[in-house]
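Trainee: I am attaching a structure below and will ask some questions about it afterwards.
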Amino acid sequence: MTADSAQTIARTAADLASRILALPETDARRLVAIAGPPGAGKSTIAEAVVADLVARGAAAVVMPMDGFHLDNRLLEPRGLLARKGAPETFDFGGFAATLTRVRDEPSVILPVFDRAREIAIAGAGEIGPQTRIVVVEGNYLLLDEDPWRALAPLWDYSVFLDVAFSELERRLIARWLGYGYAPEEARAKAMGNDIPNARRVIRNARAVDLRLKG
């Protein structure tokens, strides 16, 4: 990451943190959605926003939706293994129920996705009673398709990261290269699954509180 990129992320995070802190007070936890296509930088922005919030004294954490990936043992018989990462390859019911619990319950145990092994690990994360702001990041949080549109009432604030396809392609190929894939395999992984998912996310995104160009 260049110095200019780091400064841009820091400025964006500071602005988002200020917007979140300006939301009306509530007894429930605040849930903030940061969504966008694969490769848009959701986790980077979410982590920077939470770091800024914590620096200002707010009790905030990041909650990725990736922990709700269906396991390969379920995807293979459904014919969905090659589409892993598409909306239908997630446990939407479990994710939605967990978000409702996060909003209302003092302590919630979460699954965490290990991207290197491409598996979800049960019981690997926790949101404790001290946490008041949860920044949720994921591709499909703001997808205007059933069943995902049912999440809309849960969000206190919603952000969509909009990045040009040429840049998404570059980032996604670089991501797979980073996992040890050969250049041809990395490109095939990105173009065969990630980019179709990205088009779907951008095409079917619902109205949001803030849309950020990347």
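Trainee: What's the angle, to the nearest 10 degrees (0 to 90), between helix 42-55's Cα axis and the longest principal axis of the chain?
Mentor: Value to nearest ten degrees: 20.
Trainee: So what J values fall out for the range 158-170 if you push phi through Karplus, 6.51 cos²θ - 1.76 cosθ + 1.60 with θ = phi - 60°, rounded to Hz, Gly and Pro as x?
Mentor: Each residue of the range 158-170 in turn: 10, 10, 10, 9, 10, 10, 4, 4, 4, 6, 4, 4, 4 Hz.
Trainee: What percent does the relative contact order of the chain come to when contacts are Cα pairs within less than 8 Å and at least six residues apart?
Mentor: The normalised contact order for the chain reaches 30 percent.
Trainee: Could you size up the charge dipole of the chain around its Cα centre, putting +1 on the beta carbon of Lys and Arg and -1 on that of Asp and Glu, and report it in debye to the nearest 20?
Mentor: Magnitude of the dipole: close to 340 debye.
Trainee: Can you work out the Karplus-derived ³J(HN,Hα) for every residue in the range 24-39? Use 6.51 cos²θ - 1.76 cosθ + 1.60 with θ = phi - 60°, whole Hz, and x for glycine or proline.
Mentor: Rounded to whole hertz, the list is x, 5, 8, 6, 7, 4, 7, 10, 10, 9, 10, 10, x, x, x, x.
Trainee: From the C-alpha gyration tensor of the range 1-114, pull out the three semi-axes of the equivalent ellipsoid (sqrt of 5λ each), sorted largest to smallest, in whole Å.
Mentor: 29, 20, 10
Trainee: Further question on the same structure: Can you tell which of ALA51, ALA33, ALA82 shows the greatest fluctuation in a Gaussian network model of the chain with Cα springs below 10 Å?
Mentor: Highest fluctuation among the options: ALA82.
Trainee: Further question on the same structure: Can you find, among VAL136, THR44, ALA17, the residue sitting farthest towards the positive end of the charge dipole of the chain, where Lys and Arg contribute +1 and Asp and Glu -1 at Cβ?
Mentor: Looking along the dipole axis, the top candidate is THR44.
Trainee: Now a separate question. Name the most mobile residue of LEU70, LEU141, LEU81, meaning the one with the largest mean-square fluctuation, in a Gaussian network model of the chain with Cα contacts below 10 Å.
Mentor: Largest GNM mean-square fluctuation: LEU81.
Trainee: Amide H neighbours of ILE121 under 5 Å, counting only residues 5+ apart in sequence or on other chains, H built in-plane at 1.01 Å?
Mentor: VAL112, PHE113, ASP114
Trainee: On to the next question. Would you kindly give the portion of the calculated P(r) for the chain that falls above 20 Å, as a percent of all Cα pairs?
Mentor: 58
Trainee: Please give the Cα centre distance for the range 127-196 versus the range 71-95, rounded to the nearest Å.
Mentor: 15
Trainee: For ASP162, what residues show an amide H to amide H distance below 5 Å, using hydrogens built from the backbone and excluding near sequence neighbours?
Mentor: Placed amide hydrogens put LEU212, LYS213, GLY214 under 5 Å from ASP162.
Trainee: What percent antiparallel are the DSSP beta bridges of the chain, to the nearest 5?
Mentor: Numbers: 8 of 27 bridges.
Close to 30 percent.
Trainee: For the range 132-146, what does the Karplus curve 6.51 cos²θ - 1.76 cosθ + 1.60, with θ = phi - 60°, yield as ³J(HN,Hα) per residue in whole Hz, taken in order and with x for Gly and Pro?
Mentor: 10, 10, 10, 9, 9, 10, x, 5, 10, 4, 10, 6, 8, 9, 6
Every read-out reported here was derived from the displayed coordinates using simple, explicitly stated rules and does not represent laboratory data. Everything quoted here is computed from the prediction, not taken from an experiment. So basically every Cβ, Gly included, is an ideal-geometry build from the backbone, and we count neighbours across all protein chains shown.
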